[in-house]
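Report on the structure given below.
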Amino acid sequence: MAVPFGLSTTLFITLTNGQAVSVLWGWVLVSLISVCIAASLAEICAVFPTAGGVYYWSAMLSTRRWAPLVSFVDGWLTLVGNWTVTLSINFSGAQLLLSAITIFNPDYVANPWQTVLCFWAVMLFCALVNAFGSRYLHLINNICIYWTAASVLIILVTLLVMADHRRSADFVFTHYDASASGWPSG
């Protein structure tokens with residue numbers, strides 16, 4: 001749902017390490033890998049349909065001797081992974097909120113304690129929505145989808161209209177320049 005937000009947090013890495021060609025062909029490569037992973041999980045899901053998901057599949061695809069251990073480890077890794085992703089998203093959201101303040105107050109620089117406090121506020125808000133507003137989650141998801149799509153469209157149109165000059169297609173699809181990365185070429 002928030003792929004553009006996730007991309008924006010690390011976009012500078014590919015722009016300084018190869019520019020547009022790294023972003024475009026990296027996107028294609030990662031998309032192909034993601035489709036392969038989704039296809040393999042869909043195949044496993046078709047063979048072993050269950051609400052348990054990956055920890056059940058791990059047990060079913062393992063030997064009888066190792067199934068309990070593999071399932072246990074997989075379940076815990078999935079849980080810790082979900083915790084980590086949630087914390088990462090909420091921390092990025094807190095940073096985004098604090099960064100938005102600089103639009104109206106350019107002199108504002110958030111202190112680390114303000115970032116952590118904002119992070120806990122985002123965590124509390126998400127917990128309250130999940131605890132008391134679960135009947136509104138469908139509406140919230142739909143609003144987020146349309147908001148994200150509209151934001152991407154507005155940003156793309158604005159960038160295309162406001163650009164002083166444009167690069168050729170050859171430059172965009174083939175020019176590799178990592179000189180801004182700090183690493184030597186070659």
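Here is a check on your reading of the model: is Ala121 surrounded by 10 or more Cβ atoms within 10 Å (Cβ to Cβ) and in contact with a Ser or Thr (Cβ under 6 Å, 6 or more places away or on another chain)?
Spelling it out, it is not the case that Ala121 is surrounded by 10 or more Cβ atoms within 10 Å (Cβ to Cβ) and in contact with a Ser or Thr (Cβ under 6 Å, 6 or more places away or on another chain).
Is it the case, given these coordinates, that Asp164 is acidic (Asp, Glu), exposed (fewer than 11 other Cβ atoms within 10 Å of the Cβ), assigned to a loop (DSSP other than H, G, I, E, B) and at pLDDT below 90?
So Asp164 fits the description; yes.
Assuming Ile103 fulfils every condition listed in (1) farther than 19 Å from Val54 by Cα; (2) at pLDDT 90 or above; (3) not basic (Lys, Arg) apart from one, which condition is it?
For Ile103, the failing item is (2).
Could you say whether any residue in the stretch 125-135 is more than 20 Å from the chain's Cα centre (by Cα), within 23 Å of Val3 (Cβ to Cβ) and loosely packed, with under 12 Cβ neighbours inside 10 Å?
yes
Within the stretch 70-87, can you find the residues that are farther than 15 Å from Val54 by Cβ and among the aliphatic types (A, V, I, L, M)?
If the condition is that a residue be farther than 15 Å from Val54 by Cβ and among the aliphatic types (A, V, I, L, M), then Leu87 is the only one that fits.
Taking the condition modelled with pLDDT under 90 and surrounded by 10 or more Cβ atoms within 10 Å (Cβ to Cβ), does Thr174 pass?
Considered against the rule, which asks whether it is modelled with pLDDT under 90 and surrounded by 10 or more Cβ atoms within 10 Å (Cβ to Cβ), Thr174 comes out as yes.
Do any helices (runs of 4 or more DSSP H) lying entirely in the stretch 1-112 carry at least 1 residues that are out of contact with any Gly (no Cβ under 6 Å at 6 or more places or on another chain), within 30 Å of Trp183 (Cα to Cα) and free of Cβ contacts under 8 Å to residues at least 40 places away in the same chain, and which ones are they?
Where helices (runs of 4 or more DSSP H) fall fully within the stretch 1-112 and carry at least 1 residues being out of contact with any Gly (no Cβ under 6 Å at 6 or more places or on another chain), within 30 Å of Trp183 (Cα to Cα) and free of Cβ contacts under 8 Å to residues at least 40 places away in the same chain, they are 3-16, 20-47, 67-104.
Please go through (1) among the small types (Gly, Ala, Ser); (2) more than 17 Å from Phe5 (Cα to Cα); (3) modelled with pLDDT of 90 or more for Ala150 and return the number of the only condition it doesn't satisfy.
Checking Ala150 against (1) among the small types (Gly, Ala, Ser); (2) more than 17 Å from Phe5 (Cα to Cα); (3) modelled with pLDDT of 90 or more, the one that fails is (2).
Among the listed residues Thr63, Thr84, identify the single one that is at pLDDT 90 or above, of a type outside the set (A, V, I, L, M, F, W, C) and closer than 22 Å to Ala127 by Cβ.
Going through Thr63, Thr84 in turn, just one is at pLDDT 90 or above, of a type outside the set (A, V, I, L, M, F, W, C) and closer than 22 Å to Ala127 by Cβ: Thr84.
May I ask you to say which residue of Thr50, Thr63, Thr86 is under 21 Å from the mean Cα position of the chain (by Cα) and exposed (fewer than 15 other Cβ atoms within 10 Å of the Cβ)?
Thr86
The values are calculated or read from the model by the stated rules, or taken from the named source; none is laboratory data. Note that the structure is predicted; figures quoted are calculated from it, not measured. Positions of Cβ are generated from backbone atoms using ideal geometry, with glycine treated the same way; all protein chains shown enter the neighbour counts.
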